[in-house]
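Working notes, structure below.
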Amino acid sequence: MTITPPLSERTPEQLRAHVAEVLTRSRERSTALTDAVDDDDLVRQHSTLMSPLVWDLAHIGNQEELWLVRDVGAREPVRQDIDELYDAFRHSRASRPSLPLLSPLEARAYIREVRDKVLDVLDHAPLEGRRLLEHAFAFGMVAQHEQQHTETMLATHQLRQGDAVLTASPPPRATTRPRAAEVLVPGGPFTMGTSTEPWALDNERPAHQVQVAPFVIDVAAVTNADYAAFIDAGGYDDPRWWSAAGWAHRQDTGITSPRFWTRIDGVWWHRQFGVPQPLAPHQPVVHVSFHEASAYAAWAGKRLPTEAEWEKAARYDPATGCSRRYPWGDDDPTPQHANLGQRHLAPAEAGAYPAGASPLGVQQLIGDVWEWTSSDFLPYPGFAPFPYDEYSLVFFGGDYKVLRGGSFGTDVVACRGTFRNWDHPIRRQIFAGFRCARDPRAEELG
Ligand SMILES: [Fe+2]
């Protein structure tokens, strides 16, 4: 068996081989998601929440050109004339279909030309001398960006009407159900964030000590059956469980269940990528907003974990006092650890990944569904924007809640124990679920 050293210890040759592999994997996924539909479907807007798929495709190439061809490679621009069209800050998603976008044929040719140049840059660029180049960070950032867009494109596929076009094997079943429903996480300091992970993004930095009071957290995410019980108990009609903003949103929109759910003759069904199917009771609930997650937690006599609680449950090892890269240790995720990378197009039921449990026994924190936390998206103490303000800085303090852990749609390269995602509390098209936490009772602290 070959042991792969951590990124920070790889030789330039090993780094180049790794970059080529992650770039190839991300392009295979973008291609699969865009080749699955015809050109009409690629240019159509399936929801005002999303870009046309052909915009995502050319935007992926444009970001790759900006960072790797022009900046790292110092090469001539490929298509400077289209920068403005594919600047995500310039045009809202809703307005993108009316722009003079590249056609599917042109977009595919463009991203191919950019990638050819990037592979040449990769062969020649020194992987040192500038922070952007150290440990091939710029290449890692671009690969993460493409994979973040493959997850966005997967969400567009979920919103798309029409016949099913994506296929994947079902997620693994649980071999045993988790023995306990909850775990007590001891109080005290732990190290949150990272200063050493080479491809961590600016908002994950720097590592810092956080004091966390003891708390209890669910071993598994809230399931479809759990959530259906909340609906049956009248949860959507009882303002006691909802925050003021959540209740106002529930009243304005008239929502009465997670997105994509329908009840037929008393049985809950949902539509996954164009396929209607009865809800799997033990799979995590997905496509719920922060407001719905918070209301469920209040109804259950619990609350959502804070972001620090979530990360402590995921990374803290009581035996060493150290924080791990992932719940299971420092090794990169494998298919035995977590449901990531669009291998399966659904979350797996509780207990399906015992090898991915944290030292305290919390399961499936990585993969399956993004998990809403109760925390606003804010900078860590000592935060410094890198390599540009628009990655994180402009989003801090806005109307965003933090999500953690990644989903079945998230690639390994864009998922770490420290990775932070954020979105508006009303959003439901993302692959988001949640788990609950609570304060311990006096007798539990013994
Ligand atoms: Fe982007």
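The values are calculated or read from the model by the stated rules, or taken from the named source; none is laboratory data. Computed from a predicted model, the values in this text were never measured in an experiment. As a convention, Cβ positions derive from the backbone with ideal geometry for all residues, glycine included, and neighbour counts pool all protein chains shown. For the accessible areas, the whole protein counts, side chains as well, though only heavy atoms, and no ligand, DNA or RNA atoms are used. Shrake-Rupley method; radii C 1.70, N 1.55, O 1.52, S 1.80 Å.
In this Cβ point-charge picture (+1 for Lys and Arg, -1 for Asp and Glu), segment 394-446 has a dipole of about 120 debye about its Cα centre.
Heavy-atom surface analysis with a 1.4 Å probe gives the chain a carbon and sulfur content of 52 percent of its accessible area.
Take each peptide in 418-431, 156-169, count the other Cβ atoms within 10 Å of every residue, and average; sorted highest first, the result is 418-431, 156-169. Taking label points 7 Å from Cα along the Cα-to-Cβ direction, Val43 and Asp376 give a separation of 4.4 nm. Each part gets one Cα centre, and for segment 10-55 versus segment 416-436 those centres are 21 Å apart. Taking 0.36 nm per residue of sequence separation and removing the Cα-Cα distance, the Thr175/Leu105 pair yields an extension gain of 20.6 nm. Think of the chain as a dipole: +1 on every Lys or Arg Cβ, -1 on every Asp or Glu Cβ, centred on the Cα centre; then among Gln161, Ala125, Pro347, Pro347 lies furthest on the positive end.
About its Cα centre, how strong a charge dipole does segment 240-300 have in debye, to the nearest 20, once Lys and Arg get +1 and Asp and Glu get -1 at the Cβ?
With Lys and Arg at +1 and Asp and Glu at -1, about 0 debye.
Each peptide in 348-354, 270-276 was scored by the mean count of other Cβ atoms within 10 Å over its residues; highest first, the order is 348-354, 270-276.
Taking a straight Cα-Cα cut-off under 26 Å and skipping sequence neighbours fewer than 8 places away in the same chain, the lysines within cross-link reach of Lys401 are Lys302, Lys312. Each Lys and Arg contributes +1 and each Asp and Glu -1, all at the Cβ; summed about the Cα centre of the chain, the dipole is approximately 840 debye. Each part reduced to its alpha carbon centroid, segment 185-231 and segment 68-100 end up 35 Å apart. The sum of -39500 (n - 2.57) across all DSSP H runs of n ≥ 4, divided by the residue count of the chain, sets its helix-only mean residue ellipticity at 222 nm to -9000 deg cm²/dmol. Accessible surface of Phe290, taken over heavy atoms with a 1.4 Å probe and every protein chain present, rounds to 30 Å². Solvent-accessible surface of the chain, taken per residue with a 1.4 Å probe and all protein chains present: 42 Å².
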